[in-house]
Amino acid sequence: MPFIPHTGDDVAAMLATIGVPDIDTLFDEIPRDLRVDGIPGVPEALSEMEIARLMHERAAQDAGMLSFLGAGAYAHHVPAVVWEIATRGEFYSAYTPYQAEASQGTLQTIYEYQSMMTALTGLDVSNASLYDGASALAEAALMAVRANRSVDSTRVLLAAGVNPRYRQVAQAIAGHQGLTFERLPLDAAHGVTDLDGLDEGGEPPVAVVVQQPSFFGTLEPMDALTDWAHRRGALVIAVVNPTSLAILKPPGAWGQKGADIACGEGQPLGIPLSSGGPYFGFMTCRQALVRQMPGRIVGRTTDVDGTPGYTLTLQAREQHIRRSKATSNICTNQGLMVTAATIYLSLVGAEGLARVASTSVARTRELAAMLTAVPGVRRRFDGPHFHEITLELDRPVAPVLSGLARAGILGGLDLSRTFPELGNALLVCATETKTEGDLRRYAEALAEAMRT
Amino acid sequence: MTGDATGQQGIRVREPLIFEKSRPGRRATAQAPAAAAEHALPAAFLRDDTPVLPEVSELQVVRHFTRLSQQNFSIDTHFYPLGSCTMKYNPRACNTLAMLPGFLDRHPLAPAEFGQGFLACMYELQEMLKAVTGMKAVSLTPMAGAQGEFAGVAMIRAYHAARGEAHRNEIIVPDAAHGTNPATATMCGCVVKELPTRDDGDVDLDALRRAVGPNTAGIMLTNPSTLGVFERHIREVAATVHDAGGLLYYDGANLNAILGKVLPGDMGFDVIHMNLHKTFSTPHGGGGPGSGAVGVGQRLAPFLPVPVVGREERDGKPFYRWLTEEDLPQTIGPLSAFMGNAGVLLRAYVYMRMLGREGMRRVAEFATLNANYLAKRLAEEGFTLAFPERRASHEFIVTLKREAKTVGLTAMDLAKALLDRGFHAPTTYFPLLVPECLLIEPTETETRETLDRFVDAMVAIAREAESDIERVKAAPRSTPVRRLDDVQAARRLDLAWRAPPAG
Amino acid sequence: MSELPGDLLYTSEHEWLRKEEDGSITVGITEYAQAQLGDLVYIELPEVGAEVDEGGEMAVVESVKAASDVYAPVSGTVVEVNTALVDDPEKVNSDPYGEGWMVRLEPSGEGTGEAMDPDAYQELLDELES
């Protein structure tokens, strides 16, 4: 019996104590005709040796491609320490730290994480994580509606460079409470928000969402956008890449007053790509908004002896106390991912993170130079890019990507279906993990794929 | 102290914040590019300060977080009978096999051709979850139980809207329900109608008949309930709600209790979420990640959250691919940037394959055996069960109402005193309608000896409370910190470390 | 339980109200309510000038373990709030009938809604105790 420790003697003695003849009797409150005998849809058990063989085969099946995909999930070096320590049983198999005295390890780690995220984003307070970047944006929009009492509206405006999938998720989650999400106009030459196209009239938006770097890899004029949004009475929600904040201006310093809420995908901080999850969403905000923040928050306090310690705080916002009036229904978050990210940020520090960021920017610039040397390939947008760049091909993207795949290369994300207005657009990404040889290999394969 | 004590005392150290170990210029040099390449970005986009992150060595990081980990109770170190949370052993193979490089390095947007190994696991997981719930279709994408609940209620709303009944916006929730139930209903734009529970733990059917009506969207039920008993009139509940035009939502928090014994689909439920981090033993991770896969009957299948894994034939071989909005035009939408907590799902897959068909049923049987044994032993020792006439499911409630009145021993006191005896506390003060309650869930992976030692500890604390209540109220003593001042934490918020001013 | 102040009226939601000489009504929560909630850590007060409806939510009080709405005992306009509570919510615990007052309303109609006299409220408390 895998993982069940009972001996025959145990079972007999326990049944005798309970006073029933067999285990089946313990289920006698379930109507007899509802009970089933067996689950034929589940296969016979495998031993650890057998399942290991199967999983090794399946993992090997998916391995071996050289990937230049980004678009919200980024390949960075993950130090060995991160998962060696994060999967220690004391972190891995602990529950949510409701019993603070029995959970100081997790609680202090979250406090350190909150400190790091506020430092990176330049804002005052952080929660202990949400599910992922997309759902974090949905929660941020709902939070903005609660917090912005000066505007009686549920209209949220999104810069055109916000990840289109984030917009879909925000709509799917926050749309139920009447929020609407509208896209701001794109400056088609530069791949950033068209400042001249921003309207000054109409129903005032409750929040404006801007993303830095944008989905296209470009850098938005955040000072101007933030000030425009504040002028219109909106709260500013920043969607940011945490790696980029080692070198880019933090949301708290945008414009005259800074962004009000920052959120985003925490995956670049030591979390493996792993087919899309588990990752974690982060969220920070100005102090004044803390009571509208969703999710768990850890605070520092003292115990009866005056010893400093950590505990969950402001819990009256949460579902287990506030029930139907809670700030969100979130309960379980992405705790272990936060532990990993805290270890990652401790290892790389500000200097290491800046090196990761700068090297990724440089690699992408080098890649773009090599790829645009191939006939029929050009940059789609002028201006500075972070570690992704949008290219435009002189032919449909899909067959080219297929050709690259035959050469063992995942050449990026085809944007032509999501953004038909951009033409045959291809989003490519290179991080510090890519060598010059990798870039050359891509360029040569692209030249080959574009010849046929 | 009992034999389960941990030796925590011997290594009890106060671990400073990682920031307090920081020294300017120190680095874990191996972990970032040797030299920063020139990024050449315009100054207008750059930050003019350096974010305050620790500057420490690799060994300092390892030692710091290892020491912090040692300040946690966990399943791997302690009996953890936290009711409603199913803290069973998390098999190590699940972690090792989900972290094979081929799985970890796969980009979520890689085409399906380069993910057939992963997708095959996901498809088979969907099929197995259909089998254990009696549902017709499954989506794995919700990232936690609460998001699964959201998906479920959103599907119920979409179903009514598609039938021209968008006005149905009332969700009925028993008063004993998890807080996520009413919070979810609100997130879905619904109104909550609370349903009272009878003294025997079952739903009040008369109240239910009064609660349903033309605006009923559905009911959210946990069965066995959060009171640790099976809802015996589930058929009448289902008929009443269905007759009123509503649908039934199954909160899978307690699925462990009935796995392989009874299928939620057979009970009449239209939609279910499963907490894979409970029933299917993926790790709790100190608060997540979880996974809240949802299963639905035929009526709700068109509304499933995307993506879902589909299987087709290509060149005579199975080929797996994502089904998206194009395949499911009535979907409630995507709920995550990609496909949810893939790595958690792989762990659940390995767990289910290792248990196999027979193992499913054994989960419920031995979880129920352990719970009823523990309940009986505690009752024999004088503790009061909240529902002594009922069978325990995989968990049960002890109420300290009497002890609180006679000697002042509260559920909180007992919980903290258990920590000193090497046991994590049961869930306290939930469900709210039982005074001074402890919700105890031993799970199937614990030995009889552990359960007996837990009884000994409970008895010892109760005795100590009779002779010296102040001593019990001073617990815990052996943990890294003692009872914390929650009021101070909330009144004087200190949520992030700040560098002390220079000078 | 200590004696109830005789010059106040009470609601079944454990709030008290006092008719002031200028016709306005001061509202707070009772000793029983503060004891049930425990140490308060935060109080959300309405804005001065806000219109409230009888039985509608007017303020929120939070302790570490609970959060509770404070309902308007009568319809009217908020004319003053006890801003001292923002920094010192514990005043509600230490002096619920005095320094812990919360809101002063200008009632839009006559009367004091469903409010009861001290004897009737004492009876309610006695029932809850039993």
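Brief remarks on what is shown
- Lone qualifier among A:Ala59, A:Ala73, A:Ala63 - being out of contact with any Asp or Glu (no Cβ under 7 Å at 6 or more places or on another chain), free of Cβ contacts under 8 Å to residues at least 40 places away in the same chain and not polar (S, T, N, Q): A:Ala59
- Some residue of the stretch A:276-288 being in a helix (DSSP H, G or I) and of a type in the set (A, V, I, L, M, F, W, C): yes
- Test result for B:Leu68, more than 8 Å from chain A (Cβ to nearest Cβ), farther than 30 Å from B:Met274 by Cα and not in a loop (DSSP other than H, G, I, E, B): no
- 3 or more residues touching a residue at least 40 places away in the same chain (Cβ under 8 Å): qualifying helices (runs of 4 or more DSSP H) within the stretch B:101-190: B:116-133, B:145-162
- Filtered by the rule that a residue be within 14 Å of chain B (Cβ to nearest Cβ) and either within 26 Å of the chain's Cα centre (by Cα) or aliphatic (A, V, I, L, M) (or both), the stretch A:367-382 gives A:Leu367, A:Ala368, A:Ala369.
The rows are residues; the columns are (1) in contact (Cβ under 8 Å) with a residue 40 or more places away in the chain; (2) outside the structural domain of B:Cys188 (by TED's automatic domain parsing); (3) in a strand (DSSP E or B).
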| residue | (1), (2), (3) |
| --- | --- |
| B:Ala238 | no, no, no |
| B:Val241 | yes, no, no |
| B:Gly245 | yes, no, no |
| B:Tyr249 | yes, no, yes |
| B:Leu259 | yes, no, no |
| B:Gly265 | yes, no, no |
| B:His273 | yes, no, yes |
| B:His277 | yes, no, no |
| B:Gly285 | no, no, no |
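- The residues of the stretch B:41-51 that are within 7 Å of chain A (Cβ to nearest Cβ) and in a loop (DSSP other than H, G, I, E, B), listed by number, are B:Leu41, B:Pro42, B:Arg47, B:Thr50, B:Pro51.
- Odd one out for A:Ala71 among (1) at pLDDT below 95; (2) touching a strand residue (DSSP E or B) at 6+ places or on another chain (Cβ under 9 Å); (3) among the small types (Gly, Ala, Ser): (1)
- Residue count, the stretch A:291-327 (criterion: farther than 22 Å from A:Ala174 by Cβ and either more than 7 Å from chain B (Cβ to nearest Cβ) or β-branched (Val, Ile, Thr) (or both)): 14
- Wholly enclosed helices (runs of 4 or more DSSP H) of the stretch A:1-120 bearing at least 1 residues over 30 Å from A:Thr243 (Cβ atoms) and of a type outside the set (A, V, I, L, M, F, W, C): A:8-18, A:48-62
- Selected residue (only one of B:Ala371, B:Ala348 is touching a helix residue (DSSP H, G or I) at 6+ places or on another chain (Cβ under 9 Å), buried (at least 23 other Cβ atoms within 10 Å of the Cβ) and away from chain A (no Cβ under 11 Å)): B:Ala348
Residue by residue, here is whether (1) within 13 Å of chain A (Cβ to nearest Cβ); (2) closer than 19 Å to B:Met274 by Cβ; (3) at pLDDT below 95 holds:
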{"site": "B:Gly145", "(1), (2), (3)": "yes, yes, no"}
{"site": "B:Glu149", "(1), (2), (3)": "yes, yes, no"}
{"site": "B:Ala158", "(1), (2), (3)": "yes, no, no"}
{"site": "B:Glu165", "(1), (2), (3)": "no, no, no"}
{"site": "B:Val203", "(1), (2), (3)": "no, no, yes"}
{"site": "B:Arg210", "(1), (2), (3)": "no, no, no"}
{"site": "B:Thr216", "(1), (2), (3)": "no, no, no"}
{"site": "B:Pro224", "(1), (2), (3)": "yes, yes, no"}
{"site": "B:Glu236", "(1), (2), (3)": "yes, no, no"}
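- Check on B:Pro214, in the same structural domain as B:Glu231 (by TED's automatic domain parsing) and closer than 20 Å to A:Ser324 by Cβ: no
- Remark: pairs (first residue in the stretch B:476-503, facing chain A (nearest Cβ under 7 Å); second residue surrounded by fewer than 18 Cβ atoms within 10 Å (Cβ to Cβ); Cβ separation under 6 Å; 6+ apart in sequence or on different chains) = B:Val481/A:Thr307; B:Arg482/A:Val304; B:Arg482/A:Asp305; B:Arg483/A:Val304; B:Asp485/A:Thr302; B:Trp497/B:Leu17.
- Search result, residues across the stretch A:151-177 that are under 23 Å from B:Thr186 (Cα atoms), more than 12 Å from chain B (Cβ to nearest Cβ) and either assigned to a loop (DSSP other than H, G, I, E, B) or of a type in the set (Phe, Trp, Tyr) (or both): A:Val151, A:Asp152, A:Ser153
- Condition check for B:Ser74: more than 8 Å from every other protein chain (Cβ to nearest Cβ), in a loop (DSSP other than H, G, I, E, B) and surrounded by 17 or more Cβ atoms within 10 Å (Cβ to Cβ): no
- Filter result for the condition that a residue is at pLDDT below 95 and more than 26 Å from the chain's Cα centre (by Cα), over A:Met14, A:Met1: A:Met1
- Total residues in the stretch B:298-321, condition aromatic (Phe, Trp, Tyr) and surrounded by fewer than 19 Cβ atoms within 10 Å (Cβ to Cβ): 1
- Elements of type strands (runs of 3 or more DSSP E) in the stretch C:1-46, at least 3 residues being more than 12 Å from C:Leu105 (Cβ to Cβ), hydrophobic (A, V, I, L, M, F, W, C) and touching a helix residue (DSSP H, G or I) at 6+ places or on another chain (Cβ under 7 Å): C:40-44
- Count of residues meeting criterion [within 8 Å of chain A (Cβ to nearest Cβ) and touching a Phe, Trp or Tyr at 6+ places or on another chain (Cβ under 8 Å)] in the stretch B:309-337: 4
The values are calculated or read from the model by the stated rules, or taken from the named source; none is laboratory data. Nothing here was measured: the structure is a model prediction, and the numbers come from that model. Because the Cβ atoms are built from the backbone with ideal geometry, glycine has one as well, and the counts that use them run over all protein chains shown.
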